[in-house]
Structures are given as C-alpha cells and as structure tokens.
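Notes follow once the structure below has been shown.
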Amino acid sequence: MCGIVGMTSPENIVTGQTADQLSVLEYRGYDSWGLACLTEDTLAVVKDTGSIGKALREGRLSGLPDASLALGHTRWATHGGVTAANAHPHLSYDRAVAVVHNGVIENHQQLRRDLEASGVTFASDTDSEVAAHLIARHLEHGASMRDAIAATTATLSGEYALAVISVTEPATVWGAKHKSPLVVAFDGQRGILASDQMALDGISNDVLFLDDGDIVAVRADSAEVYAAVHGSVQPVTRAFTRLTGRQERADKGQYPHWMIKEIHETPTAVTAASSLPAERFASVLPPDRAVTLIGAGSAFYVASMGQYLLKSLAGIRASALPSDEAEYLAVLGPGDPLIAVSQSGETFDTLEICRTALAAGAVLTSICNVPSSTQERLATHRLPQGSGPEICVLSTKSIVSQVVLLARLALETGRANRTLSAERYAAHQESLERLPDTLTEFIATASTSVQALAAKYSHVGDWFFLGRGILYPAACESALKFKEVNYHHAEGMASGFFKHGTISLIDEHFYTVALLPSHTDDPDRYAATLAAVSEIAARKGPVIGIGPADLPADDLNTFVEYLPLPYHGDEIADLIIQLVAGQLLAYYCALDLGREIDQPRSLAKSVTVR
C-alpha cells in the first residue's frame, strides 16, 4: 500500500530526487509522508501528515540538506493513527538506523514488549518501528548489516517490504521482502530501491524484482542479493527484467482532476483493449471446466460482470469471488482456470489466491494494467490492458478496459466453442468498434446534464443503486464510486432482491438510482427492473433513472429525473456506457461537494496488505 523510495549516489543529489520520485507513488498512500537523509554521520528526518505532493508544493522539504543517501515513504495507515510521529521513516533507539515499511508485522506487540522490557523507548504506535530497533540491536552486538536484517526478518510474522539506511553503511540502501513488492534499479550514478516500478523512471529499464525472503544491498552501480540457503544467508543470483511498455509519468494537462482526465481517456482505453490480437484469447479457457474469477474492490465487480459475459456469450459456467473471501470458497485443482483482475497487479488478497491456485496446478490468466507487476509475472496467460497510468485512486478507464477484455475473452471463447453464431459475434465486434466514438461524444455532451443532476442531489445522504442481470454488478460498482469520492452512504443491489427486506428503508429522503436495460432488446429484464422502481415510487422514494434514450413516455413519469444514454442495443457496449455514466455522476457530485477527488480520505490505489 505505502510508497517506498530509497536512493544512493556518490554525489550529494539524492534528497530532492528521492522526494520527487516518492511523490509519483503518493497514490499508494497519502495519510502521511517522511524522508530521512544521511549527512556526514547523522540521520536527518522530516515527516508530517498529509500528502508529500502538497508538502513539495509548499516547500516543506527545503530544510533537508543535500545528501548521497536518502530514504522516503508515503503512508496508508494500518497501525497507529495518522500523526507525524507515526509517519515513516522510523529511527532506532540510537538514531543509527532508519527504516520504512510496507505490510503488516503481525507479531509486533510481542516484539514491542520484549524491546521495551530491555529498555527501548518507542516513539510511535506503529508495527513498523520494531524493525528499526531490532536491526540496531543486532548491529550493536557486532552483526553486519546483512546479518542484522536477516536476524530481524527471521523474527517477523506477516508480510513486509523493508527499506533501511544506516550511518554504518553510507553508500547503501538495504531492502528485505516477504509478500510485499520491492524493485531495484541502478545506472552507475544512482541506485534506487522502490515499492513500485513507476518510481524508477529515468534510472534504468533493466530492473530487479526481489523474491520473497530476499535481502538486497543497493549501491549506485550494483545490487547484491542474499537469501537463506541451507540455513545460512548467502549471495544468490536474480535475473533482471527489461521493462517494455512501461508506464511513464503522466501529466494532468488542462484537466482539474485526474479522475475527469481519466474518464476522458476511456475511449482510448477501449481502443487499446479492443486492439489486442484475437490469438491472445485463444485456448485460455477450456470449454469443459467452470471458471473462477477473482478481484478486489472495483476489480471484483468487473469479475462479476465477467461471469455474466462468459455465461451469455460462451456458455461457460463462471463464478466471481471477492479476493479476500476466495480462500474460503474457491476449489481449484490441476488445469482449472482462474482469472485474476487487478489494476495494479499488486493487490495482496488477489495475489495470495493466485499463489495458492498455482501451487494446486491451476492455470492463471491475468487481466492487469501494469506490465511486469507481480500478478503479470505469476500468470500463465496475460491479457494486458494497455490503458496507461491511472493516477486517481478511483479506477475509471481501467475498469472499463477490464470489462472489454473479459468481453473479448467471452466472444473469442464463444466463437471457438460454437456457442456464439457468426452473426452475433460480428454484431458485437461492430459495436465494440463504434464504442470509442460513442463514449467520446457521450462524455462531452452528458457532462452538463450530469453536473445539473449533481447540483440538485449531491447533498442527499442515502442512496440505493439498482440493476438486474449484468447491470447488478454495474450498480454495485457505481455505488462504490459514489461512496468512495462523496462519503455518502450508497448501496448497490439487485433490483429483484430489493423487495426482500431493504425496501423498508425507503422514504422521501432515501434516493435510488435505477440502471435500466434496453426495453426493446431485453423487454423482460426491463419490465422486472421497472417493477422495482414502481414499488419504490409507491413508497414515496425518489428514483433517478439511467438508461436508454427512447424510454416510453408513460415509464418516464415514474422517475424524478432521467439521464438518457446512447445505447447501442448491445450487451457489452450498453454496460460500459452505464459504467461511464456512474463515474460521471460520482465525479460531479464530489465536485459539487468540494471533496478531495483524486485522493479521497482513507483510500489507497494499490492495496498490498491483508
């Protein structure tokens, strides 16, 4: 979750560069930030709450001296409140070691008690600080830095990415990894250790992804990796990876927020996903096995849409599971297909299921937006999104791209299985080809009407989002966007389930957004959805409809507001247009409320902890 950057150079240039590279990672956590640098034989530290990007703009890091060794961190809080004291880096009791940490140290309470009993005083409430004190204790007893880190990590339970600098090693950034990503690059002038390859921009395209259990010493011109071999810590060789199609630093341009910029980039993301060669989808799914799809957050709702598409287009039994619950439900053995959906490719819960499934012999297909991410490297088959960097914490263009890839997988599998006629396949393909133009025009023309809706209703505190069939997970995803950025209560729900209890919440103050299918192409599902809307209206519940532009006039009277969409009369395209409409509604309501749109409170882009 948190962002880590450590940098070393023979020149006193890395303080500002470390802070600058760290700001690229603030989407991974922006509760607080901190930076430590080594000057002569002293570690200087500055840290505070809030985002490092804002701190840089306000000049709050200008007091730190230039240095040849620096370590930075941007935090998403897990243990201890959002305070400057709990921000990383954490210094050891003798101020000789600085540590930053991503992950969760599950046995930190016992380690803390043992250290306190030996006289160590803690400066924070975090689980991370124990690592700094333990390393310092081993150094004090004569251990090398390598052995001090190895002895420390041997006592830790949980998951971690640790980066360490010390007055005893003025030219080296040390790291250690277990189930949280760390990546290394160097160019002879600078060496860098980071939690995300995006921080390596400008250093090198040849990078080293650490394996679990690795300890690394990073210098300006080298990286030495160690691991436990036959009970002792020994040097090991790790292959470097050449990054291709890497995500370069993005520019917000003329847009006021990343979110609206990335919504405007949705047509390009659709084009990229539609351009992936058809052979990439061939033989991914066997026709005779049930498919399991997993994802977390928005990716789970995308996976849920995928199960509908695989059933309707390919005739395949598919079930979507939230990654954090999949360990209790998924039954995967040799040859069973698993599809993992993730924007970052570093989502902890998703990766845990991927590793377990692969160990059981399952076949993993990755749908991901970050080349060379952990999920991509684990996968048997890769369906890369190619959407470009997505900076806003809320996923917009990325989830649309994921839906397109799942739809194409269903289409190509259906064609291969002969469950999809040539005519129907061609119709879907033609619709996908038209979709970028439809979205471009819709985003440009609908913004005014959506903004007017937001101005009238952004203050409402309770919402239901209803859909039926594949629009059920779309409703859940639109509700998620709404609550993430507006901080209002919003629930996504199947319109058929709605009357089984939750209708008791309806009154004139509880609003509903109904996602409607085409009344001509899917009349049964349309009628069933409209029946739920009528039940709400009968109880004085205001309903805002979002659906086809040619709604019958009598049906329009059921809604207090109606947003017409440029449907294609195509299951895939109409779903995506609905998703974009939900994104626009969430954005403009947040804009009207004055929310922090790109970095909503308590969120992070990549959830790398349990």
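Residues PHE442, PHE498, arranged from fewest to most other Cβ atoms within 10 angstrom of their Cβ, appear as PHE442, PHE498. Cβ crowding within 10 Å, taken as a proxy for footprinting-reagent exposure, orders TRP33, TRP463 from fewest neighbours to most as TRP463, TRP33.
Mean residue ellipticity at 222 nm, helices only, the chain: -11500 deg cm²/dmol; runs of at least 4 DSSP H residues each add -39,500 (n - 2.57), and the sum is divided by the number of residues. By DSSP, the beta bridges lying fully in the chain are antiparallel in about 60 percent of cases. Here the 3J(HN,Hα) profile of region 512-529, calculated from phi with Karplus coefficients 6.51, -1.76 and 1.60 at θ = phi - 60°, is 10, 10, 9, 8, 9, x, 5, 7, 9, 7, 9, x, 5, 5, 4, 4, 5, 5 Hz, Gly and Pro shown as x. The order of SER342, SER32, SER222, SER124, going from fewest to most other C-beta atoms within 10 Å of their C-beta, is SER222, SER124, SER32, SER342. Strictly over 29 Å apart at the Cα level, which of LYS397/LYS499; LYS252/LYS311; LYS540/LYS605; LYS47/LYS605; LYS261/LYS311 would you flag in this model? Beyond 29 Å: LYS397/LYS499; LYS252/LYS311; LYS540/LYS605; LYS261/LYS311. According to the square roots a ≥ b ≥ c of the eigenvalues of the Cα gyration tensor, what is the shape class of region 278-380, taking rounded for a/c under 1.5, prolate for a/b larger than b/c otherwise, and oblate for the remainder? The shape class here is rounded.
Once backbone amide H atoms are built at 1.01 Å from N, PHE465 has GLU491, GLY492, MET493, VAL513 as its partners under 5 Å, excluding neighbours fewer than 5 places away on the same chain. The amide H of HIS381, built 1.01 Å from its N in the peptide plane, has LEU364, THR365, SER366 as neighbours under 5 Å, considering only residues 5 or more places off or on other chains. Full extension of the chain between ASN12 and ARG280 yields a length gain of 91.7 nm, computed as 0.36 nm times the residue separation minus the alpha carbon distance. Each residue, SER504 and SER157, gets one label point 7 Å from its Cα in the Cβ direction; the gap between the two is 4.1 nm.
Whole-Hz Karplus values for region 382-394 come out as 10, 10, x, 6, x, 7, x, x, 10, 8, 4, 4, 6 Hz, taken residue by residue from phi with 6.51 cos²θ - 1.76 cosθ + 1.60 and θ = phi - 60°; glycine and proline positions read x.
Report, in degrees rounded to the nearest 10, the 0 to 90 angle that the Cα long axis of helix 422-457 makes with the longest principal axis of the chain. That works out to roughly 80 degrees. Working from Cα positions, state the angle (0 to 90°, nearest 10) between the long axis of helix 298-314 and the longest principal axis of the chain. Rounded to the nearest ten degrees, it is 50. Taking a ≥ b ≥ c as the square roots of the eigenvalues of the Cα gyration tensor, an a/c ratio of 1.5 or more together with a/b no larger than b/c marks region 1-156 as oblate. Cα axis of helix 108-117 to longest principal axis of the chain: angle in degrees, 0 to 90, nearest 10? Tilt of helix 108-117: around 30 degrees. The relative contact order of the chain, computed from alpha carbon pairs under 8 Å that lie at least 6 residues apart in sequence, is 12 percent.
Which residues among region 325-355 fall inside the zone where the amide N is under 13 Å from a point 7 Å beyond the Cα of ASN107, along Cα→Cβ? In region 325-355, the label zone of ASN107 (backbone N under 13 Å from the point 7 Å along Cα→Cβ) covers no residue. Using Cα-Cα distances under 8 Å and only pairs 6 or more residues apart, what relative contact order does region 3-242 have, in percent? Computed over region 3-242, the figure is 20 percent. 3J(HN,Hα) along region 42-57, derived from phi through the Karplus expression 6.51 cos²θ - 1.76 cosθ + 1.60 where θ = phi - 60°, amounts to 10, 8, 9, 10, 9, 7, 6, 7, x, 9, 6, x, 5, 4, 5, 5 Hz, with x in place of Gly and Pro.
For region 467-610, the relative contact order comes to 25 percent (Cα pairs under 8 Å, sequence separation of at least 6). Taking amide H atoms as placed 1.01 Å from N in the peptide plane, the amide H of ALA77 lies under 5 Å from those of ASP31, each 5 or more residues away in sequence or on another chain.
Bear in mind that the values in this text are calculations on the coordinates, not laboratory data. This is a predicted model, so every value here is computed, not measured. Positions of Cβ are backbone-derived with ideal geometry, glycine not excepted, and every protein chain shown enters the neighbour counts.
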